[in-house]
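Undergrad: I'd like to ask you about the structure that follows.
Every number here is computed from the coordinates shown, using simple stated rules; none is lab data. What you see is a predicted model; the values in this text were computed from it and never measured. Glycine gets a Cβ as well: all are built from the backbone with ideal geometry, and neighbour counts include every protein chain shown.
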């Protein structure tokens, strides 16, 4: 299988980037997309050229590191997957594949396809945790939680912070990510004591980081590898209004 | 950001309500001319003389101004959040064209509103331009103003074509306004989506067809 990669190359955060073209032969349909990039990098090493910098860790769809924009879609042509779950069989022999880093003012490019997503960490630092004494683990059934609440919390806890929601949003809004983190803890009894502070502080940080606002295009929920629904953003808005005006 | 979005949502919902009243009144134009003229003119006179309607009219002007102003502010901020565009972006595969272009559609509607106000509001309420005559009952002959305007095929086509972006804007706007304001009931949102579609079709079709009917009457 032979494809033409058109890949964003950028030396450093302050450098000007550009799309470079690479003809790559010897790929197979069974290869994952990241393996195809590995293959290309091996060819670049043999030619004594700089390899393409891209992020990955688990390669099994759970770590959220491997986000890149492929042929106009976050994580490639399929809905609700990570880049590492994309395989070359999704492309045809002779295809041109354009690979770009996430684009958002709050996600500056570090090198090539790697962006700095620490803005997400700073949002998390504002309240995506519960204050509890650590030590011996408490009895799991001490706090009973209804199945519906547990499932709902788990659906949003599934967020791996890959940044596809920001990348695909025309406003680079981090609303889906922030909503997932807030709704996860605020819907559980353990999260209740700090619920108001959590929603106010985290949404405030989201704004301070320079992310745009949510227009409900719905693009984020289609690209989210965990399929987190945008209804969560409406729920975050409700929780925020309640915390701001009623408590 | 949240307050600005809420203002856009609230003013938008108020404008949605206004359009229902506006279209209902426009339906008078579909009646036979003998009845329509008197009814339409006396209706508009009643509106102009009512104190409550005067207050609502100011709320309406304010709503349009705030809706546009905050949409502009938010758009500028959003542009700053996403300064660079992708070489290829297949946004049509994950979201509707309308949802991606609410600003553009809004600008088209705003241009229409300016023309529309110049056609009617400026002449009838401000007395700018050609003077509006009186009908047999002594009311300002607003029916005649409408009738004359829609004898011009270009205005008919303009008013009809504008109903398309209007319907698109209303469809997405109505759905997302509720979500912006924090309505997150899953089943409720499914019903809301259907209501928004129905509302947008009725508004688009209603406002779009009336100029044509008046033209051929």
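Undergrad: Across segment A:162-207, which residue is surrounded by the most Cβ atoms within 10 Å (Cβ to Cβ) among those that are assigned to a helix (DSSP H, G or I), within 13 Å of chain B (Cβ to nearest Cβ) and over 19 Å from the mean Cα position of the chain (by Cα)? So that I can check it myself, show each step before the final result.
TA: Let us first name the residues in segment A:162-207 that are assigned to a helix (DSSP H, G or I), namely A:164-168, A:175-186, A:189-207.
Remaining after also requiring within 13 Å of chain B (Cβ to nearest Cβ): A:164-168, A:175-176, A:178-179, A:182-183, A:186, A:199-200, A:202-207.
Now restrict to residues that are over 19 Å from the mean Cα position of the chain (by Cα): A:186, A:199-200, A:204.
Numbers: A:186: 22, A:199: 28, A:200: 18, A:204: 16.
Top of the filtered list is A:199.
Undergrad: Can you tell me which residues in segment B:142-173 are out of contact with any helix residue (DSSP H, G or I) (no Cβ under 6 Å at 6 or more places or on another chain) and over 20 Å from residue B:106 (Cα atoms)?
TA: Selection gives B:144, B:145, B:146, B:147, B:148, B:151, B:152, B:153, B:154.
Undergrad: Now a separate question. For segment A:230-247, enumerate the residues that are facing chain B (nearest Cβ under 8 Å) and not in a helix (DSSP H, G or I).
TA: Selection gives A:230 alone.
Undergrad: So which of B:187, B:175 is without any contact (Cβ under 8 Å) to a residue 24 or more places away in the chain, within 14 Å of another protein chain (Cβ to nearest Cβ), assigned to a helix (DSSP H, G or I) and surrounded by 13 or more Cβ atoms within 10 Å (Cβ to Cβ)? Spell out the reasoning first.
TA: Numbers: B:187 fails: surrounded by 13 or more Cβ atoms within 10 Å (Cβ to Cβ).
That would be B:175, the only listed residue that is without any contact (Cβ under 8 Å) to a residue 24 or more places away in the chain, within 14 Å of another protein chain (Cβ to nearest Cβ), assigned to a helix (DSSP H, G or I) and surrounded by 13 or more Cβ atoms within 10 Å (Cβ to Cβ).
Undergrad: I'd like to check something: does segment A:70-82 contain any residue that is away from chain B (no Cβ under 14 Å), closer than 21 Å to residue A:121 by Cα, within 24 Å of the chain's Cα centre (by Cα) and crowded, with 21+ Cβ neighbours inside 10 Å? Spell out the reasoning first.
TA: Residues of segment A:70-82 that are away from chain B (no Cβ under 14 Å), as a first pass: A:82.
With closer than 21 Å to residue A:121 by Cα added as a condition, the list becomes A:82.
In the following step, the residues that additionally are within 24 Å of the chain's Cα centre (by Cα) were identified as A:82.
Okay, now just the ones that are also crowded, with 21+ Cβ neighbours inside 10 Å, so A:82.
Within segment A:70-82, one or more residues are away from chain B (no Cβ under 14 Å), closer than 21 Å to residue A:121 by Cα, within 24 Å of the chain's Cα centre (by Cα) and crowded, with 21+ Cβ neighbours inside 10 Å.
Undergrad: I'm trying to understand the selection: among the residues of segment A:122-159, which are part of a loop (DSSP other than H, G, I, E, B) and either in contact with a strand residue (DSSP E or B) (Cβ under 7 Å, 6 or more places away or on another chain) or closer than 18 Å to residue A:236 by Cα (or both)?
TA: A:126, A:127, A:128, A:129, A:130, A:158, A:159
Undergrad: Scan B:162, B:201, B:128, B:213 and give me the residue that is surrounded by fewer than 18 Cβ atoms within 10 Å (Cβ to Cβ) and more than 20 Å from residue B:41 (Cβ to Cβ).
TA: Working: B:162 fails: surrounded by fewer than 18 Cβ atoms within 10 Å (Cβ to Cβ); B:128 fails: more than 20 Å from residue B:41 (Cβ to Cβ); B:213 fails: more than 20 Å from residue B:41 (Cβ to Cβ).
Being surrounded by fewer than 18 Cβ atoms within 10 Å (Cβ to Cβ) and more than 20 Å from residue B:41 (Cβ to Cβ) holds for just one of B:162, B:201, B:128, B:213, which is B:201.
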